[in-house]
Amino acid sequence: MSTHKRHLTRRRVLGASAIGIAATGAAVAGGTGLLSSASAAAFGYTDDGTNYVVGTGASLVFKVSKSTGDITSLVYKGKEYEGYGGRHSHVESGLGASTVSIKQSGSTILVKIVHGAITQWYAARSGQNNVYLWTDKKDASFTATRYIVRLKPGIFPNEGPDSWVEASDKVIEAGDVWKRADGTTHSKHFSGKRVIDYDHIGFTTGSVGLYLVRSNHEKASGGPFYRSLLRHSNEGGAALYEILHYNQAQTEAQRFGLQGPFVLSFTNGGTPSSSLFAAKLGTSWVDGLGITGWVGASGRGKVAGVGLKGMDAKYAYTVGFANADAQYWAKAAAGTGAYSCKGMLPGTYTLTVYKGELAVHTDTVKVTAGGTTSLHSLTITGDPSTAKTLWRLGDWDGTPGEFKNAKLMTYAHPSDGRAAKWTGNVTIGSGSEAASFPAYLWKDVNDGVLLYFRLTEKQAAAAHTLRVGVTDAFLNGRPRVTVNDWVSAVPTAPSQPSTRSLTTGSYRGNNHMFTFHVPNSAWKTDPAQYNVLKLNIVSGSTGSAFLSPGTSFDCMDLLA
């Protein structure tokens, strides 16, 4: 029923004059970008026939389509920020026809959108310039789980590795990687951040900031080190993303159930208040709203660990918890390795200790509602770095971080003009081996990299195990090795993400160690001569250039 055909409640009467300005002024805002500052004067909502119009009682008025559940307007301090290219802000790529309802519970206004397996929720709290969001996904009828906030062009600076200029930049891959005349590459994929690295993502003009504060990602997939698109901008508009399951570089099956809240927050130009961050956000106000699947603090538990033994002081350690229904993680304290993870759903979890990004210990732990599971010190048992070696290239930390171009690859394409040449051979003992060795190897780009090393007469008289660690692969690319005249068998391809990753800012896949048992007959018997180790990429698939079969390296060593 439209607003003009029904009586207004006292609450709606109180907010009608202020919110009505936002409702009728949105069309004006579409042309000028400005509304009266009075549009945010009261807390409440109205129905303009097409949208529910919500006033936060602060400086923000937003609209939600009654037919699709899209956010169709975000007016902050009288200025419209929402929408580009005729599209609005929504879960997935837009749900289409949906059942949309609204209610007020005290100082909270809650909007509910139902479409098949997905229920999306928005909440406004009186006096706040925030929109709280939840996504409840019940099955895999939608392939991804994301929320995208679409923003008008020209408001925020168009800068950074995740921005591009369509009018002048050139598409070089899959319609979403661009190269500029200066040789730099740009893409929405180039966030340069792991989930564990950020609490919020957004834009600022210096006087106005618009940020998306991420949720705790308990129903997301990929773990603490997952990298995905977080934002993008070009001359056609800008966007912020909350990615919960995305098929790009994905290592886990998606999880289902309620995820959130994540928060869309306007600021005076600075970053959002830390009180909105997932680890600090108070949510007792949510308990009585009737959000399907919501589990409050009393229904959750905690794990507290005394510490970790056997840590390498050069690395940060993370303790992860995961099962089919949820994932969590906690940073271990330097020195002691003590950790604490609260707000966990009840259940039995696989506990994984990560040195850097490499799993070096696993265990199981049970979490109960309202309880704390206390763990004694855990002794790390799976660190490959403890093995005695004749030489080691890089280090076992689950990343290619020590190798050539590795850091650039989290926010650039391999063809970027700032990248050092991907070709080049390495001599063990030269003093700069790791920095000279390419982080990635592709069949069609730099296949056949050579490593030179010497062995003593005693060392050459024995067989040795060569270990090659990788972090990810494309098109089942994996290393086959030749040592002088000896050629290894073709190794079995490990399970890796099936999509692009090495060219879209992520080396994160499934860490895997290949072991090659090299017989003593393979070595040079003259200690003055160099042994030559050749690395080739093998695969049953084909591709070209940086989309040919390839892999990213973690570490390589020859055991004593």
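Think of the chain as a dipole: +1 on every Lys or Arg Cβ, -1 on every Asp or Glu Cβ, centred on the Cα centre; then among Val468, Leu345, Val100, Val100 lies furthest on the positive end. Summarising the amide proton neighbourhood of Thr399: residues at separation of 5 or more, or on other chains, whose placed amide H is nearer than 5 Å comprise Glu357. Using every pair of separate Cα atoms, the Kirkwood estimate puts the hydrodynamic radius of the range 297-379 at 12.6 angstrom. If I fit a long axis through the Cα atoms of helix 10-32 and take the longest principal axis of the Cα atoms of the chain, what angle between them do I get, 0 to 90°, rounded to 10? In the chain, helix 10-32 runs at an angle near 60 degrees to the longest axis.
Counting charges near Thr56 (Lys, Arg +1; Asp, Glu -1) among other residues having Cβ under 13 Å from its Cβ returns a value of +3. Which FRET efficiency value, to the nearest 0.05, is calculated for His376 and Met513 with the Förster distance at 25 angstrom and r the Cβ-Cβ distance? With R0 = 25 Å, the Cβ-Cβ based efficiency is 0.30. Between the exposed loop cleavage positions of the chain, defined as GluC sites (Glu not before Pro) in a non-H, G, I, E, B DSSP state with at most 12 neighbouring beta-carbon atoms within 10 angstrom, the longest gap is 167-560. Taken over the range 140-282, the percentage of Cα pairs per 10 Å bin, counting from 0 up to the bin with the maximum distance, is 11, 39, 35, 14, 1.
If a/c stays under 1.5 just call it rounded; otherwise compare a/b with b/c (prolate if a/b is bigger, oblate if not). Do that for the range 94-196, with a ≥ b ≥ c from the square roots of the Cα gyration tensor eigenvalues. In terms of gyration-tensor shape, prolate.
DSSP finds beta bridges in the range 297-379, and of those with both partners inside it, around 80 percent are antiparallel. Placing +1 on each Lys and Arg Cβ and -1 on each Asp and Glu Cβ, with no other charges, gives the range 194-326 a dipole about its Cα centre of roughly 300 debye.
Estimated at 0.36 nm per residue, the fully extended path between Glu166 and Gln459 surpasses their Cα-Cα distance by 99.7 nm. Name the shape class, rounded, prolate or oblate, that the alpha-carbon gyration tensor gives for the range 241-299, where a ≥ b ≥ c are the square roots of its eigenvalues, rounded holds for a/c under 1.5, and otherwise prolate holds if a/b is larger than b/c and oblate otherwise. Here the range 241-299 falls in the oblate category. May I ask for log10 I(q)/I(0) of the range 49-133 at q = 0.15, 0.26 Å⁻¹, from a Debye sum over the Cα atoms as equal point scatterers with solvent left out? With no solvent term, the Cα-only Debye profile gives -0.50, -1.38. When you filter the chymotrypsin sites (Phe, Trp or Tyr not before Pro) in the range 182-285 for DSSP loop state and at most 14 other Cβ atoms inside 10 Å of their Cβ, you are left with Tyr198.
Positive-end ranking of Thr456, His512, Ser187 along the dipole of the chain, with charges on Cβ about the Cα centre, is headed by Ser187.
Rounded to the nearest 20, the Cβ-based charge dipole of the chain about its Cα centre (Lys and Arg +1, Asp and Glu -1) stands at 1260 debye.
Computed from backbone phi with θ = phi - 60° and the Karplus coefficients 6.51, -1.76 and 1.60, the 3J(HN,Hα) list for the range 239-250 is 8, 10, 10, 10, 9, 9, 9, 9, 6, 6, 6, 7 Hz; x is used for glycine and proline. For the chain, the square roots a ≥ b ≥ c of the C-alpha gyration tensor eigenvalues yield an a/c of 1.5 or more together with a/b exceeding b/c, which makes the shape prolate.
In the calculated pair distance distribution of the range 482-530, what percentage of Cα-Cα distances lie above 19 Å? The proportion of pairs with Cα distances above 19 Å equals 52 percent. Which FRET efficiency, nearest 0.05, do Val487 and Thr362 yield, Cβ-Cβ r, R0 45 Å? Efficiency computed from Cβ-Cβ geometry: 0.85. Applying 1/(1 + (r/R0)^6) with R0 = 45 Å to the Cβ-Cβ distance of Ala304 and Ala560 gives a FRET efficiency near 0.70.
Only Cα pairs under 8 Å and 6+ residues apart enter the sum, and on that basis the relative contact order of the range 384-559 stands at 37 percent.
Every read-out reported here was derived from the displayed coordinates using simple, explicitly stated rules and does not represent laboratory data. Because the structure is predicted, anything quoted here is derived from the model rather than measured. Using ideal geometry, Cβ is built from the backbone for each residue, glycine included, and neighbour counts are taken over all protein chains shown.
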